């Protein structure tokens, strides 16, 4: 069975590649997806992808999104790999797998309307920046800053918590992320209630 996480990570990469004339830098796609998740969880109380995020030197990285972008035979189950390969590929000669190409039209049916809103808003805000500019941008936010000292001391990666995405940060953050403390508190409650329900269901 192909999971929602697999479908959404694949199609989010595919969507951003399509918006860049069918080819996108891998790190740029990963950072854009992080920003889309950040937009959505702060506005609506849930992430789009549902990935596990890790703080790394160049900013947050979603582990499943990275595996999908790599089309990793080692880290993706067979059904997800087959699905991802239907839509995504790597350019010939791209030995280091730095870029991703779209092979097929985006299946927007895997997303809700608010998911699409977040993906579009993120691309409109950040789509003209390169991967290193996006990495610098991602260092501004509290969910990564919380782990900055550990990363600077040599930790390769540190697990991030979605609950930290609701913290307000410095004034220079992008306007698409700006919400009142009251709104963010409500959305954090929505997120935590949904998490409790998921745990109860098993």
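The values are calculated or read from the model by the stated rules, or taken from the named source; none is laboratory data. In this text the structure is predicted, and so the values were computed from the model without any measurement. A quick note on method: Cβ atoms are made from the backbone with ideal geometry, for glycine too, and the neighbour counts reach across all protein chains shown.
Would you confirm whether or not the stretch 63-71 contains a residue that is out of contact with any helix residue (DSSP H, G or I) (no Cβ under 9 Å at 6 or more places or on another chain) and touching a residue at least 24 places away in the same chain (Cβ under 8 Å)?
Looking only at the stretch 63-71, we keep the residues that are out of contact with any helix residue (DSSP H, G or I) (no Cβ under 9 Å at 6 or more places or on another chain), and these are 63.
The next check asks that each one be touching a residue at least 24 places away in the same chain (Cβ under 8 Å); those that pass are none.
No; the residues of the stretch 63-71 include none that is out of contact with any helix residue (DSSP H, G or I) (no Cβ under 9 Å at 6 or more places or on another chain) and touching a residue at least 24 places away in the same chain (Cβ under 8 Å).
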Restricting attention to the stretch 190-202, which residues are at pLDDT 95 or above and over 11 Å from residue 163 (Cβ atoms)? 190
Going through the stretch 90-101 one residue at a time, which ones are at pLDDT below 90 and either closer than 15 Å to residue 3 by Cα or touching a helix residue (DSSP H, G or I) at 6+ places or on another chain (Cβ under 8 Å) (or both)? 97
Taking the conditions exactly as written (touching a strand residue (DSSP E or B) at 6+ places or on another chain (Cβ under 7 Å), under 15 Å from residue 130 (Cβ atoms), in contact (Cβ under 8 Å) with a residue 12 or more places away in the chain and crowded, with 21+ Cβ neighbours inside 10 Å), does residue 16 satisfy them or not? yes
Check off (1) more than 29 Å from residue 83 (Cα to Cα); (2) modelled with pLDDT of 95 or more for residue 170 and give me the number that stays unchecked. (2)
Checking 41, 49 in turn, the sole residue that is at pLDDT 95 or above and over 20 Å from residue 25 (Cα atoms) turns out to be 41
Could you identify the single residue in 123, 87, 111 that is more than 16 Å from residue 26 (Cα to Cα) and at pLDDT 95 or above? 111
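Counting residues that are touching a strand residue (DSSP E or B) at 6+ places or on another chain (Cβ under 7 Å) and surrounded by 24 or more Cβ atoms within 10 Å (Cβ to Cβ), which helices (runs of 4 or more DSSP H) fully inside the stretch 23-119 reach at least 1? Lay out the reasoning, then the answer.
On the way: elements: 26-44, 63-70, 78-87.
Counting at least 1 such residues, we get 26-44, 63-70.
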